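Visitor: Got a structure for you, written out below as structure tokens; questions coming shortly.
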Amino acid sequence: MTGPVDTPAPDQTESPHPVTGLDDVVHQRVRLGILTIAHEARRVEFGFLRTQLALTAGNLSQHLAVLETAGLVEVEKGYAGRRGRTWITLTAAGNAALAEEIARLKQLIARVETTDIPEDR
């Protein structure tokens, strides 16, 4: 017996939906913000990230630990004068992961923008 008549057979030549390529480590809102700011700044100070993303120090630290474990950022501790500082730098893998995430998001946006939506919705 075959499947339902209204369900088309999967097309083996069709690419998977762009959402299947989103990386859960990168796509999480705060981590995407961290990667984006680190990409823009090249090297960003912990306090600046905390302020820009409106996070507690503990919350930011947890997200940075996830990104560091994934090899997407490097965390460097040091001093500026007598004050302890923590700097975050995007790695080559982090840069590539951010670029891939942005490309997938652009694909999703393009699909939404080119889909005809009935006006009565």
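The values are calculated or read from the model by the stated rules, or taken from the named source; none is laboratory data. Only a predicted model underlies this, so the values are computations on that prediction, with no experimental measurement involved. Backbone-built Cβ (ideal geometry, glycine too); neighbour counts: all protein chains shown.
Visitor: Would you mention how many residues in region 41-63 are in a loop (DSSP other than H, G, I, E, B) and either β-branched (Val, Ile, Thr) or in contact with a helix residue (DSSP H, G or I) (Cβ under 9 Å, 6 or more places away or on another chain) (or both)?
Guide: Here is the first cut: in region 41-63, the ones in a loop (DSSP other than H, G, I, E, B) are 42-43, 53-56.
Then keep just the ones that are either β-branched (Val, Ile, Thr) or in contact with a helix residue (DSSP H, G or I) (Cβ under 9 Å, 6 or more places away or on another chain) (or both); that gives 53, 55-56.
Of the residues in that region, 3 qualify.
Visitor: Could you give every pair whose Cβ atoms fall below 9 Å, whose first residue belongs to region 88-116 and is closer than 24 Å to Gln52 by Cα, and whose second residue is of a type in the set (Lys, Arg), counting only separations of at least 6 or pairs across chains?
Guide: Pairs found: Ile88/Arg43; Thr89/Arg42; Thr89/Arg43; Leu90/Arg42; Leu90/Arg43.
Visitor: May I pose another question? Return only the number of the condition from (1) modelled with pLDDT of 95 or more; (2) surrounded by fewer than 10 Cβ atoms within 10 Å (Cβ to Cβ) that Ile88 does not satisfy.
Guide: That leaves (2) as the condition not met.
Visitor: Could I ask something else about it? Among the residues in region 66-73, are any in a strand (DSSP E or B), in contact with a helix residue (DSSP H, G or I) (Cβ under 8 Å, 6 or more places away or on another chain) and surrounded by fewer than 14 Cβ atoms within 10 Å (Cβ to Cβ)? Talk me through it step by step, then tell me what you get.
Guide: Looking only at region 66-73, we keep the residues that are in a strand (DSSP E or B), and these are 73.
Those still in the list that are in contact with a helix residue (DSSP H, G or I) (Cβ under 8 Å, 6 or more places away or on another chain) too: 73.
Going one step further and asking which of them are surrounded by fewer than 14 Cβ atoms within 10 Å (Cβ to Cβ), we end up with none.
There is no residue in region 66-73 that is in a strand (DSSP E or B), in contact with a helix residue (DSSP H, G or I) (Cβ under 8 Å, 6 or more places away or on another chain) and surrounded by fewer than 14 Cβ atoms within 10 Å (Cβ to Cβ).
Visitor: Taking the condition within 14 Å of the chain's Cα centre (by Cα), hydrophobic (A, V, I, L, M, F, W, C) and at pLDDT below 95, does Ala103 pass?
Guide: Yes: the conditions hold for Ala103.
Visitor: Could you give every pair whose Cβ atoms fall below 7 Å, whose first residue belongs to region 59-73 and is without any contact (Cβ under 8 Å) to a residue 24 or more places away in the chain, and whose second residue is polar (S, T, N, Q), counting only separations of at least 6 or pairs across chains?
Guide: Listed by first residue and then by second, the contacts come to Gly71/Thr91.
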